[in-house]
Structures are given as C-alpha cells and as structure tokens.
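Structure provided below as structure tokens; questions to follow.
The values are calculated or read from the model by the stated rules, or taken from the named source; none is laboratory data. Everything numeric here is computed off the predicted structure, so don't read it as measured data. Cβ placement follows ideal geometry from the backbone for every residue including glycine, while neighbour counts extend to all protein chains displayed.
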C-alpha cells in the first residue's frame, strides 16, 4: 500500500505540472524512467478519481485526466484545516498539539516554563 | 410523580449541575476520571429524560386522574424526551459521518502534499514554515502531521515530545472521546445544555497526552514544546482560546499530578449519578408499571 501511495503522489505531481489534461500514456511518459505498467497507472488514476483529486474527461475514444484542484488550492485547503485557529472544526476531525495564545498568555506560559526548567535542572 | 422527578433530574444534569461543576475546575485535575464523570452526567441526563418520557407515556395511558394541567405537563415531558432521543440519534449519525468525511479528505491531501518519513510510517511532513502539529486520528490509517517549521523551531527532544503527545492521542483513541462528547453536546437542544463538558473534555485529552509525553520525554521538553508552539505567531491573525495551554502548563508545573482521592471521588460520583436515578425512581416505577399492566 505504501508503494501505491508514493505512486499516487508522483502521478499527481505529473498532472499538476502539466498544462493540459493528460492521457494515461502521457502520464506514464511523464513519470519517466520507471518500469511501470499502463494498467497500474490506470488503477492509480482511478483511485485518485474516487478520492476526488483527479477528474476525467472524454477525448474522442480515450480519456484525459486533469487535477480536480490545483496544487495551490490543495495546499491552501490542507493548511486551512491545519491552521484552524478559530476552532470551526466542531467535529474533532483533527486534534491539534496546541492552539496559538495571545501575547499576555504567552508571557505567563514562559514564566511557568522557567519554573519547570529550574526544577528539572538543579 | 416519577416522570416529573426524573425530568427534573435529567434537566438538572443537563444544565445547572455541569455548569456549577465546570466552575470548580477540579475535574481538570483528574483528566481520566473527569472524562468518565462528564460522560456519566450526560448519559444520566439522557437516561433520566427518556425515563421521564416513558413513565409519562404510561401515566397518560393508564391514569384516570386526568385534569388538564396534568395532561399538559405530561405532554411537555413526553415531547422533551422524544426530542432529546431523536436529537441523540441524529447527532450520533451526523457527527460520525461528518468526522469520517473530513478525516478522509485530510488524509488524502496530506498523503499527496506531505513528505513521508522513513522512520515513522504514520508521519507526514508539510513543506510549510509555519509551525504546525496535529494528528488525523482514526482506526485504520491515522496520520501525524508536522511542518518543516515545527522541526526547525523545536529541538530534537521537544520534537520527540510533540510526536509522543500526538501518538498518545492516536493510540488511546482520544478521537472517540471527543466524538462521544460532540454527540452528547449536539443531542441536547441549545437551551438545555452547557458547553462545559465538551470544552473540558478537549482540555482533558490534551492533559492525558501530555502525561504520556512527559513519561516518555521528561517534563521540560513537553513544556518547552508547548510554549514554542502555542506562542508561535499566527498567520491567519486569529487567536484560539488559550486557556487549554495555561491548564496544561500548570499540570506540567506539578511534579506529580496524580490525585488519587479526587480520582476516586470522581469515579464514585459517576457511578452514583448513573445509577441513583435508576435505582431510586425507575425500579419503583417498574413495579408500579408491572402492577398496572399485569392485573
């Protein structure tokens, strides 16, 4: 599975770097040196399709594949959830290490830290 | 009498009692027992309110002392019970669905945009200078996500403490605790609930994960990581509620934060709250129901 995950990343990067939708053959060429089967790439594109990362459009008798969202859009969607400072995620889908505090609280935290440091390093 | 008493107990456990308890903040001293305590309050409230609805329904069917105000009173109790039950199941299914959808989307994005780390299979590193550290929990394929900014901000031991903290969330299924509280929170109508159990449970799982991290990495690295990440400048310009960080820090200041007596008290109170309404009211009522229905 891990290998499939890496392949999905590589295929996605090929699609993101392309200026126009690509055929399976073009994706395979874009991946370059690797010894990969045509059907493997189809499987990967299928999987990316079910994940709503890739959309497929008909071009004559073949299909062409394009990213469902740009790399920038994907990054900003990810970071938007990752930096959800206001806590709008009420379903607890993500569990953050710490939320950012205001400067007054940050000072209080640092004072408490000094006390812990002095306790643990005699 | 039973439906009114059960209804009063249910409403008390839903709103004034948790609100009063939240003001004392002692549940935060015993996070594990505190989670059990808050859960038992909410469950007991739901049980009492549904017990009230059940017994009131029986009263409406069987009793012959029907004055108009008694009928209205019982209809109100019945409606509240039905409302809370319906909302409970609705909340359970929507929370379950929404959470899974959001997590799946996050996992897909993180897997495509983050770099895997050879050492830890669940770890993904984002190419982003803002310090970020969180986990996408789940049974099948959890992810722990950090940014390059986190790695460059923290020392090796602090970074290890953050990873240990997140691993504790994943390993101990803290997400299930949060989901349960989210469901119970949504189950009660807005005018019948307090935010205290949900908010405090969010802090409590952080305290438990901190406990795990300090056992593995020591007190100071956890505290330093907390100060470094909570004190980081925010790019979005919005500030979260920081009270959790202060509570966590004061627990870290305590060399031995275990409170045996308080824990036992919290567990005992949980058992009492869960079973007292059942024993005191439901059993006599069941006898009564039995006698009424089976002549």
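Looking at the range B:61-70, can you tell me whether even one residue there is assigned to a helix (DSSP H, G or I), in contact with a helix residue (DSSP H, G or I) (Cβ under 7 Å, 6 or more places away or on another chain) and surrounded by 16 or more Cβ atoms within 10 Å (Cβ to Cβ)? Full working, then the answer.
Filtering the range B:61-70 down to residues assigned to a helix (DSSP H, G or I) leaves B:61-62, B:68-70.
Among the residues that remain, those that are also in contact with a helix residue (DSSP H, G or I) (Cβ under 7 Å, 6 or more places away or on another chain) are: B:62.
Next, only the ones that are surrounded by 16 or more Cβ atoms within 10 Å (Cβ to Cβ) stay: none.
No.
Would you confirm, using the coordinates I've provided, whether residue A:24 is modelled with pLDDT of 90 or more and either closer than 30 Å to residue B:245 by Cα or more than 8 Å from every other protein chain (Cβ to nearest Cβ) (or both)?
Values: modelled with pLDDT of 90 or more: yes; either closer than 30 Å to residue B:245 by Cα or more than 8 Å from every other protein chain (Cβ to nearest Cβ) (or both): yes.
Yes: the conditions hold for residue A:24.
OK, next. Is at least one residue of the range A:96-106 more than 7 Å from chain B (Cβ to nearest Cβ), modelled with pLDDT under 85 and more than 18 Å from residue B:165 (Cβ to Cβ)?
Of the residues in the range A:96-106, the ones more than 7 Å from chain B (Cβ to nearest Cβ) are A:103-104.
Those left that are additionally modelled with pLDDT under 85: A:103-104.
Filter again for more than 18 Å from residue B:165 (Cβ to Cβ), leaving A:103-104.
Yes, that holds for at least one residue.
Look through B:114, B:138 and report the one residue that is in contact with a helix residue (DSSP H, G or I) (Cβ under 9 Å, 6 or more places away or on another chain) and within 14 Å of residue B:170 (Cα to Cα). It would help to see each step written out before you state the result.
Working: B:114 fails: within 14 Å of residue B:170 (Cα to Cα).
Every option except B:138 fails the conditions.
Within the range B:280-295, can you find the residues that are closer than 16 Å to residue B:52 by Cβ and surrounded by fewer than 13 Cβ atoms within 10 Å (Cβ to Cβ)?
Kept after step one, since they are closer than 16 Å to residue B:52 by Cβ, are these residues of the range B:280-295: B:280-286, B:288-289.
Those that are closer than 16 Å to residue B:52 by Cβ and surrounded by fewer than 13 Cβ atoms within 10 Å (Cβ to Cβ): B:283, B:284.
Could you go through the range A:8-21 and let me know if any residue there is within 20 Å of the chain's Cα centre (by Cα), more than 14 Å from chain B (Cβ to nearest Cβ), outside any loop (DSSP other than H, G, I, E, B) and over 23 Å from residue B:141 (Cα atoms).
Checked against the condition, which is being within 20 Å of the chain's Cα centre (by Cα), more than 14 Å from chain B (Cβ to nearest Cβ), outside any loop (DSSP other than H, G, I, E, B) and over 23 Å from residue B:141 (Cα atoms), the range A:8-21 yields no hits at all.
When you look at residue B:128, is it part of a loop (DSSP other than H, G, I, E, B) and within 14 Å of chain A (Cβ to nearest Cβ), yes or no?
On the way: part of a loop (DSSP other than H, G, I, E, B): yes; within 14 Å of chain A (Cβ to nearest Cβ): yes.
So residue B:128 fits the description; yes.
Rundown of residues vs (1) part of a helix (DSSP H, G or I); (2) within 30 Å of residue B:80 (Cβ to Cβ), yes/no style:
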site: B:141; (1), (2): no, no
site: B:150; (1), (2): yes, no
site: B:159; (1), (2): yes, no
site: B:162; (1), (2): yes, no
site: B:167; (1), (2): yes, no
site: B:180; (1), (2): yes, yes
site: B:186; (1), (2): yes, yes
site: B:191; (1), (2): yes, yes
site: B:194; (1), (2): no, yes
